[in-house]
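Here the structure is laid out as structure tokens; the discussion comes afterwards.
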Amino acid sequence: MEFAFTEEQQMIGETAFAFFAENATSERTRRAMAGNGIDRALWSSFCTELGLAGIALPETYGGAGLGMIEFALVAEAAGAQVAALPLLGLATAARAIAAGGSDNQKSKWLPKLLSGEAIAGFAGMPKADYADGKLNGTFDLVAHGAIADVFVFVVPGKAWIVCADAPGVSVLPYTTMDQTRPLAKVVLENAPAEALSDPESAIGAVHSGGWICLAAEALGGAQSALDRTIAYAKERVQFGRAIGSFQAYKHRLADMMIEIEQARSAVYWAACAVDEGSGDAAIALHAAKSFCADTFFMCASNMIQLHGGIGFTWDHDAHLFFKRARSVQTMLGNGNFHREQVATMVLGEIA
Amino acid sequence: MKLGFSPQEELFRAECADWLTAQMAGEFADIKGIASLTEKAERRKEWEQHLGVHKWSCIGWPPEWGGRGASLAEQVIFAEEYARAGVPGRVNHIGVELAGPTLLAFGTEEQKKRFLPDIAAGKTIFCQGFSEPNAGSDLASVRTKARLEDGHWVVNGQKIWTSLAHISDWIFVIARSEEGSKGPKGLTFLMMKIDQPGIDIRPIKQINGDAEFNETFFTDATCPSDSLIGTVGEGWKIAMGLLAFERGVSTLGQQMAFRNELDSLIAAAKRNGAANDPLIRQRIAKAEIGLRLMRFGALRMLSNSDHSKVDGAALTYKIQWATWRRNLGELAMDVLGQMGEVTNTVGYEWELLPNLFLYSRADTIYGGTNQIQRNMIAERALGMPREPRGDA
């Protein structure tokens, strides 16, 4: 029992933070927002130069074979800059293929996804019709769906790989509030779909990967919101004093930190529990996803309030955090959903 | 980063669980499950001594002082099994968790010899004399005076909120030893025997009807000149060092008591149907999540071996658990409905919960109010400018 990072984990975290802080600048993110919501050059250098895309995927297919703790460190670092990158696709679709795909499917897709050559999208729906290798249905609100080359779609008990350029696949992009991770609707009409041979494992991997990814990037975003607000609190003077010297202001900063430290425990508890195959993994994942998303929203909304008028402007980055936070709260199950899962674990089903 | 325990540690867990369960089923069955810190005090003192005899009292201490030199993981395990077995809280928690570690860190060899074995043996019960009627949040403004006279310290003044003073043998106090000094300067940290004519203890009845806290009056109370820890005038440094021990391994034992409280609330909700209310379910889930995160927060804090800088995260711990428990008390009342109004009635099985509702109002006050905690977090962990100080 040792709830502290190893030296290697610390190094991965520092490398990832330095990389995103230097490269995922506000200017580049805003360029991506004005385009299709991805900084493609940054994604390529993340995948190839830094080589961290496959950190938690098997070495056979170009990954590093490490675990969710290491992946969470990377996602936290990306979240700290609200980077416009399709990391969630890796955490869901690529993990689903790695966990539930055949050797052929893995060797076909994983190297491409890890090198950044292909981008993956994921969505789950209650039902879809599948027969004779053809899939019919609508998979809505796919993150980075408009630029994805390949999708993993799931319904309870089943999972498929669908190529974006296959016949019968229509991708309809939305204009979204969070422009760093735009959404798209994917409509399938007799679209060729390859079933994943082990859908249960694939869905399990999507859950652990997706929820940890969102929780970790929320943690990074929340910490950034606090750090940036602290910097402002020291520099902005009103009534002849730095505004950070006023208790009404300080106490909000303290409240942010109190939540963030719990969010940090949540992310690394969940990551550790998944890596160790602990019986607590499920409750930890629901806890992490709901708690971290709420923490991020609380911190991002405080960031706007504590910056005053400047925080309401388009030019300031506060709204990037605020919009990402709001989107993370709903994505892959909202807080009430995850808390109800926890309630069911401790109280049983509603009688 | 690793959450699991090794096979040897699991063996140690089994050993702890077996021993503790056997004691609670046998000789000490009469104190099993007591939640109040004051109930059956004499039997609880016997329990302290029983722990001492079997070397379970202060397992993290070095063996020469009555401990086992246990690792962090072993201390975590013992704290967890202690609460799981339904063993009541330690009436000497101030001696074991505060006075002892302070002596280990700052005491002379002679002082360690005089006090540590007896604390570990459960023979010396300690209480803490810090707060005063006019030194609450502003703790450094203590007025209790100490002067050296004929080889003795002579102490005059008043302390308040001295938890468990009425069952304690010794008290440590911070007193102003330098005439005319202000704030944290000129204070001295003294250990005093309670059983003497100059010390008078009067209980304070609390909003839950219990009387864990006291007023303690010092009228020419004395202790030998070598009763101080550290040097004359540096009592504040010792007091602050001591308060840091409050965030030690004992927090995990405290959490297991919280676990029992939440489990009791969950049992009540299942029994009376509140568990079917979606809003109650959300709040219970939040409480469950909060408690789990508290555990991993404490493990992170304890696993942090770099003590050279301020551990900002550790500063958030007190307000976190205090607020969690206050919320739990409020949730308990919503779960119980009108039955929550019932207290001290024979045969009423949920009594723990209304008492929790009342007692938890103290959690966000003692040991530094939530407001003071926020100031500390903002100033020490986040580097915000300090509050302006008026003239004392």
Among the listed residues B:Arg176, B:Arg271, B:Arg202, B:Arg259, which satisfies the condition of being under 28 Å from B:Gly69 (Cβ atoms) and of a type in the set (Lys, Arg)? B:Arg259
In the range B:340-376, what residues are more than 14 Å from chain A (Cβ to nearest Cβ), hydroxyl-bearing (Ser, Thr, Tyr) and buried (at least 19 other Cβ atoms within 10 Å of the Cβ)? B:Tyr359, B:Ser360
Could you tell me whether any residue of the range A:203-212 is within 12 Å of chain B (Cβ to nearest Cβ), in contact with a helix residue (DSSP H, G or I) (Cβ under 8 Å, 6 or more places away or on another chain) and surrounded by fewer than 24 Cβ atoms within 10 Å (Cβ to Cβ)? no
From the residues in the range A:114-161 that are farther than 22 Å from A:Lys185 by Cβ and under 22 Å from the mean Cα position of the chain (by Cα), which one is surrounded by the fewest Cβ atoms within 10 Å (Cβ to Cβ)? A:Glu117
Taking the criterion of being buried (at least 20 other Cβ atoms within 10 Å of the Cβ) and of a type in the set (A, V, I, L, M, F, W, C), would at least one residue in the range B:200-209 satisfy it? no
Looking across the range A:1-29 at residues that are farther than 19 Å from A:Ala271 by Cα and in contact with an Asp or Glu (Cβ under 9 Å, 6 or more places away or on another chain), the single one that is nearest to the other protein chains (Cβ to nearest Cβ) is A:Phe19
Pairs please, first residue from the range B:19-33 and assigned by TED's automatic domain parsing to the domain that holds B:Trp47 and assigned to a loop (DSSP other than H, G, I, E, B), second anywhere and buried (at least 18 other Cβ atoms within 10 Å of the Cβ) and not aliphatic (A, V, I, L, M), Cβ atoms under 8 Å, 6+ apart in sequence or on different chains. B:Phe28/B:Trp47; B:Lys32/B:Pro88; B:Gly33/B:Pro88
Does any residue of the range A:58-68 turn out to be within 24 Å of A:Ala143 (Cα to Cα), touching a residue at least 40 places away in the same chain (Cβ under 8 Å) and within 14 Å of chain B (Cβ to nearest Cβ)? yes
May I ask you to verify whether B:Ile94 is in a helix (DSSP H, G or I), in contact with a Cys (Cβ under 8 Å, 6 or more places away or on another chain), away from chain A (no Cβ under 14 Å) and modelled with pLDDT of 95 or more? no
Please name all residue pairs, on different chains or six or more residues apart, with Cβ atoms under 6 Å, provided the first residue is in the range B:145-157 and is modelled with pLDDT under 95 and the second residue is of a type outside the set (Asp, Glu) and part of a strand (DSSP E or B). none
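This table checks each residue for (1) out of contact with any His (no Cβ under 7 Å at 6 or more places or on another chain); (2) more than 27 Å from B:Ala314 (Cβ to Cβ); (3) within 13 Å of chain A (Cβ to nearest Cβ); (4) of a type in the set (Phe, Trp, Tyr).
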position	(1), (2), (3), (4)
B:Ala244	yes, no, no, no
B:Gly248	yes, no, no, no
B:Leu262	yes, no, yes, no
B:Ala269	yes, yes, yes, no
B:Gly273	yes, yes, yes, no
Go through (1) within 14 Å of chain A (Cβ to nearest Cβ); (2) in contact with a Leu (Cβ under 9 Å, 6 or more places away or on another chain) one by one and return the number of the condition B:Glu387 breaks. (2)
Among the residues of the range B:285-305, which ones are modelled with pLDDT of 85 or more and at the interface with another protein chain (Cβ under 7 Å from one of its Cβ atoms)? B:Ala285, B:Lys286, B:Glu288, B:Ile289, B:Arg292, B:Leu293, B:Phe296, B:Gly297, B:Leu299, B:Arg300
Only helices (runs of 4 or more DSSP H) wholly contained in the range A:235-345 count here; list those with 3 or more residues that are at the interface with chain B (Cβ under 10 Å from one of its Cβ atoms) and at pLDDT below 95. none
Could you check, for the range B:348-355, whether at least one of its residues is within 26 Å of A:Met1 (Cβ to Cβ), in a loop (DSSP other than H, G, I, E, B) and without any contact (Cβ under 8 Å) to a residue 40 or more places away in the chain? no
So which of A:Ala131, A:Ala118 is within 21 Å of A:Ser44 (Cα to Cα) and free of Cβ contacts under 8 Å to residues at least 60 places away in the same chain? A:Ala118
Being farther than 24 Å from A:Val171 by Cα and small (Gly, Ala, Ser) is the requirement here; does A:Gly67 meet it? yes
Criterion first (surrounded by 22 or more Cβ atoms within 10 Å (Cβ to Cβ), in contact with a Pro (Cβ under 8 Å, 6 or more places away or on another chain), more than 14 Å from chain B (Cβ to nearest Cβ) and not hydrophobic (A, V, I, L, M, F, W, C)) does A:Gly37 satisfy it? yes
If we scan the range A:161-175, do we find a residue that is of a type in the set (Ser, Thr, Tyr) and not in a strand (DSSP E or B)? yes
Check B:Val173 against each of (1) hydrophobic (A, V, I, L, M, F, W, C); (2) over 19 Å from B:Val96 (Cα atoms); (3) out of contact with any Asp or Glu (no Cβ under 9 Å at 6 or more places or on another chain) and name the one condition it does not meet. (2)
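The values are calculated or read from the model by the stated rules, or taken from the named source; none is laboratory data. These numbers were taken from a predicted model, which means no experiment stands behind them. Positions of Cβ are backbone-derived with ideal geometry, glycine not excepted, and every protein chain shown enters the neighbour counts.
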